[in-house]
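A.B. asks: Pasting in a structure now, in structure tokens, and then I'll have a few things to ask.
The values are calculated or read from the model by the stated rules, or taken from the named source; none is laboratory data. Here the structure is a predicted model, which means the values were calculated and not measured. Don't worry about glycine lacking a Cβ; one is built from the backbone with ideal geometry, like all the others, and counts go over all protein chains shown.
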Amino acid sequence: MDIHWIGFDADDTLWVNERLYREARTRFDALLASYGIDLAVANRRVDEIEVQNLQWYGYGVMSFGLSLIEAAVDLTQGRISGQGISQVLELTKDMITAEVELLEGAEQALAELSSAHPLLLITKGEPNHQHSKIERSGLRRHFRQVEIVPDKTPASYAEILKRQAVEPERFLMVGNSLKSDILPVVAMGGWAIHIPSDLTWEHEVVEIPPELRSRVFEVAALSELAPFIDTLKGSGTDRETPARRAGTG
Ligand SMILES: [Mg+2]
């Protein structure tokens, strides 16, 4: 295998992200409970509004916050108070200003890989917030280029690779999301390593078609990544590798 360029997802691949959403939802539940709202009904409605709004607001905390406000107004039938809305705004702001908590092994994996490979950081979401997290993470210096896209689609990857003059078969993407980091890349002839995260939004889980699975690998942790990529480069693609081939996911 002749892998040269390596792309990295950021949220829940290099640093904690989904846990902040879960914690915010717990705070939001407490607010709804104070209005006597059935939380099982509320959770379904919030999920629905959040996914519907992606097409208008995109991914990220701002979009999430607007969806929570919409859900609060909807579920309380307009009874939510100004103070209630303030609480939603506050929990959203707390997410935006939260400390960037690196996942174990992130710094070392990037330091090791960047000595032999140009690294691209490819993340989706709200540009201001993503830029701020990248700067605060201390990881920026390891990357040749940072790309913040509204969504991770085959077209957005194709555009990035074209701009960097990277052939897909020499590109490997590393990430926690089968939908955003793995499927679009292997579908265009690239390679991918899935590092499952403890928490992943259900919206990001998809099935990898059987014919593409030989282009997908799985490693359990960032600490295993650099040695695994070395092994991949030294082996034919048809040979068994030390890590498991990714399953359906
Ligand atoms: Mg991610």
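A.B. asks: Of the conditions (1) within 21 Å of Pro118 (Cα to Cα); (2) more than 16 Å from the ligand (Cβ to nearest atom); (3) touching a helix residue (DSSP H, G or I) at 6+ places or on another chain (Cβ under 8 Å); (4) of a type outside the set (D, E, K, R), Val185 satisfies every one except a single condition; which number is it?
C.D. replies: (2)
A.B. asks: To continue, here is another question. Within region 165-178, track down each residue that is near the ligand (Cβ under 10 Å from one of its atoms) and either among the small types (Gly, Ala, Ser) or within 15 Å of Pro154 (Cα to Cα) (or both).
C.D. replies: Gly175, Ser177
A.B. asks: So, one more: Within region 122-146, restricting attention to residues that are within 14 Å of the ligand (Cβ to nearest atom) and among the charged types (D, E, K, R), which residue is surrounded by the most Cβ atoms within 10 Å (Cβ to Cβ)?
C.D. replies: Among those that are within 14 Å of the ligand (Cβ to nearest atom) and among the charged types (D, E, K, R), it is Lys124.
A.B. asks: Being of a type in the set (D, E, K, R), outside any helix (DSSP H, G or I) and within 13 Å of the ligand (Cβ to nearest atom) is the filter here; which residues of region 190-223 pass it?
C.D. replies: Asp198
A.B. asks: I would also like to ask the following. List every residue pair whose Cβ atoms lie under 9 Å apart, where the two residues are 6 or more positions apart in sequence or sit on different chains, the first residue falls within region 3-14 and is away from the ligand (no atom under 15 Å from the Cβ) and at pLDDT below 95, and the second residue, located anywhere, is of a type in the set (Asp, Glu) and not in a loop (DSSP other than H, G, I, E, B).
C.D. replies: Between residues of region 3-14 that are away from the ligand (no atom under 15 Å from the Cβ) and at pLDDT below 95 and residues that are of a type in the set (Asp, Glu) and not in a loop (DSSP other than H, G, I, E, B), the close pairs are Ile3/Glu169.
A.B. asks: Take the residues in region 159-182 that are aliphatic (A, V, I, L, M) and within 22 Å of Gly105 (Cα to Cα); name whichever of them is surrounded by the fewest Cβ atoms within 10 Å (Cβ to Cβ). Give the derivation first.
C.D. replies: From region 159-182, those aliphatic (A, V, I, L, M) are 160-161, 165-166, 172-174, 178, 182; that's our starting set.
Now narrow it down to the ones that are within 22 Å of Gly105 (Cα to Cα): 172-174, 178, 182.
Numbers: Leu172: 25, Met173: 26, Val174: 27, Leu178: 22, Ile182: 31.
Looking at residues that are aliphatic (A, V, I, L, M) and within 22 Å of Gly105 (Cα to Cα), I get Leu178.
A.B. asks: Taking Asn17 and the conditions (1) touching a helix residue (DSSP H, G or I) at 6+ places or on another chain (Cβ under 7 Å); (2) closer than 30 Å to Phe171 by Cβ; (3) without any contact (Cβ under 8 Å) to a residue 12 or more places away in the chain, which numbered condition does it fall short on, given that it satisfies the others?
C.D. replies: Looking at each condition in turn, Asn17 falls short on (1).
A.B. asks: Let me ask something else about it. Output the number of the condition that Val41 fails; it satisfies all remaining conditions of (1) within 20 Å of Ile148 (Cβ to Cβ); (2) part of a helix (DSSP H, G or I); (3) at pLDDT below 95.
C.D. replies: Just one mismatch for Val41, condition (1).
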